[in-house]
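Peer 1: Submitted below is the structure of interest, expressed as structure tokens.
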């Protein structure tokens, strides 16, 4: 798993596997989108307004992930 954050646009991407050539995107809200590969496995999650959704404090950003199960894709 890889988490990247772009401070310029306040967006984070949580990548569970290498992006496939084509993904299907499902918007869960205005700020949250999930990318699926052709087998319906989650490739990654995009979070817009990330400082609001993920970080406990803009001065000391952290990401907390609990009870997350990710299926490893070969």
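Peer 1: Sorting check: for 6-17, 40-51, 23-34, which peptide has the highest mean count of neighbouring beta carbons within 10 Å, and how do the rest follow?
Peer 2: Put in order of decreasing packing, that is 40-51, 6-17, 23-34.
Peer 1: I would also like to ask the following. With just the Cα atoms of segment 2-53, tell me how far they stretch along each of the three principal axes, in Å, largest first.
Peer 2: 31, 21, 14
Peer 1: At a Förster radius of 22 Å, what calculated FRET efficiency corresponds to the Cβ-Cβ distance of residue 49 and residue 2, to the nearest 0.05?
Peer 2: Taking R0 as 22 Å, the efficiency between residue 49 and residue 2 is 0.60.
Just so you know, all these numbers are worked out from the coordinates, no wet-lab data involved. Keep in mind it's a predicted model, so treat the numbers as computed, not measured. When we count neighbours, we look across all protein chains shown, and the Cβ atoms used for this are built from the backbone with ideal geometry, even at glycine.
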